[in-house]
Amino acid sequence: MNDPTMGALPRRQTDVAVIGVGIVGLCLAGFLAQRGRDVMLLDAGGSAASTANAGSLHVQMQSRFMRLFPERVASFEQQLPLYPKAVEYWREFERAINADFEMKVSGGLMVAETPEQFDFLVAKSRRERELGLEVELLERADLQRIAPYLGPAAFGAELCANEGKLNPLKCNTQIRAWASRMGVTIVDQCKVNQLRPAGSGFALTTSLGALDARQVAVAAGPGARALMDSAGTFLPVDPEPLHMNITEAAPPLILHLVQHAERSITLKQLSTGQVVIGGGWPAKLAAGADYPVVDPASVIGNVSLAQFMVPALGSLQIIRTWAGMNSKVDGRGVLGEMPGLPGLHAAIPGDAGYTLGPLTARLVADLMTGRDPGVDMRPYSPMRFQAEELRLLTAQ
């Protein structure tokens, strides 16, 4: 079901069209097919967030986000309780589809180098506890005991026990295979150029021809804004080009997901021994370009900081760097039906979207099939952008 006739869609009608074959789109399409829906999953290809993901499972608030988008922190806090649920749901999903994601939840450390950075972690952890997270503060002696791989600059850290990592390459491959087994028709290299209401459903204009669908779910990350514009509605999703690095294999060294209290970095070691170095350093995206490219300055800055935090990394070779497209909204996911367009759903998970992927996909699948998600979905509704849309229309 994954090999349509070259140059054409396998059929011209479907019950549900899901746009975007990242982690959310794959899971959402699979859940809908599992519930008896005829689902076609369309993807333009290229380097999106899921294909470029570094495999971190985040729970605590990331200092990078708080530093870059302070005006969005209050909005992000409304979604924070979803993160521990999302990590647990990854476990549940792995068991349900009989997969091996190489998932390890061994805790996450956000490291401070100075007393001032540690004070930031103290205040952050206090707020996180108020919002229901389980976190604790560690001093230098504690770090020497549980994370001896950290360098001498480590002053203290915040530990979040239910953070971790998985192997996104294995995840994506196994989830795609599961979605196919559920009956999803996956159409690669198919760009959706336009989406418009038509009768009781929607008409899609794609690079492989026209498609009619009764329901549509847009899980296309940074491409969602243009698609919603073509449907006559507003979804302020912006692209964020980022890059990652991976080292050669090494003996077991880094046991935790490691971040920094002030600087952009994530460190984790896969079960194969490679160390993935990421954390939000920018890639380059030329005007009009569809895909980002690696910025050499980011490579140098990212791996230099990694070596400073974990000196043993200095002897390892970087074997690959790559760039991908993350998506930014307002600190929260956009999950649910678009206002005034019954049957058109947004499926944009929010910051650290890979962590949230399977859970948010299931929540949207529940909404699309009339089930109770078991979560108050109002904070994630696209309805919250109506006032902004009206302001923009008035200004034109």
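The values are calculated or read from the model by the stated rules, or taken from the named source; none is laboratory data. Please read all numbers here as calculations on a predicted model, not as lab measurements. Backbone-built Cβ (ideal geometry, glycine too); neighbour counts: all protein chains shown.
Quick one: which residue in Gly336, Gly331 is modelled with pLDDT of 95 or more and either in contact with a Ser or Thr (Cβ under 6 Å, 6 or more places away or on another chain) or among the acidic types (Asp, Glu) (or both)? None of the other options fit; the residue is Gly336.
State whether the residues of region 360-367 include one that is within 17 Å of Ser56 (Cα to Cα) and crowded, with 20+ Cβ neighbours inside 10 Å. Yes, the conditions are met somewhere in region 360-367. Regarding Ser125, is this residue at pLDDT below 95 and surrounded by 13 or more Cβ atoms within 10 Å (Cβ to Cβ)? The answer is no for Ser125. Residue-level check: of (1) assigned by TED's automatic domain parsing to the domain that holds Leu341; (2) crowded, with 18+ Cβ neighbours inside 10 Å; (3) in contact with a strand residue (DSSP E or B) (Cβ under 6 Å, 6 or more places away or on another chain), Thr247 misses just (1). Based on what the data block shows, is Glu158 among the acidic types (Asp, Glu), without any contact (Cβ under 8 Å) to a residue 40 or more places away in the chain and part of a strand (DSSP E or B)? In short, no. The condition (being within 30 Å of Arg320 (Cβ to Cβ), polar (S, T, N, Q) and buried (at least 22 other Cβ atoms within 10 Å of the Cβ)) is satisfied by just one residue among Ser271, Ser207, Ser264: Ser264.
Given the options Ala203, Ala210, name the one that is within 29 Å of Arg332 (Cα to Cα) and of a type outside the set (Phe, Trp, Tyr).
Ala203
For region 69-83, check the following and say yes or no: at least one residue is in a loop (DSSP other than H, G, I, E, B), touching a Lys or Arg at 6+ places or on another chain (Cβ under 8 Å) and either buried (at least 22 other Cβ atoms within 10 Å of the Cβ) or of a type in the set (A, V, I, L, M) (or both). Scanning region 69-83, I find no residue that is in a loop (DSSP other than H, G, I, E, B), touching a Lys or Arg at 6+ places or on another chain (Cβ under 8 Å) and either buried (at least 22 other Cβ atoms within 10 Å of the Cβ) or of a type in the set (A, V, I, L, M) (or both), so the answer is no. Among the residues of region 128-155, just one is in contact with a Lys or Arg (Cβ under 8 Å, 6 or more places away or on another chain) and either exposed (fewer than 15 other Cβ atoms within 10 Å of the Cβ) or not in a loop (DSSP other than H, G, I, E, B) (or both), namely Val135.
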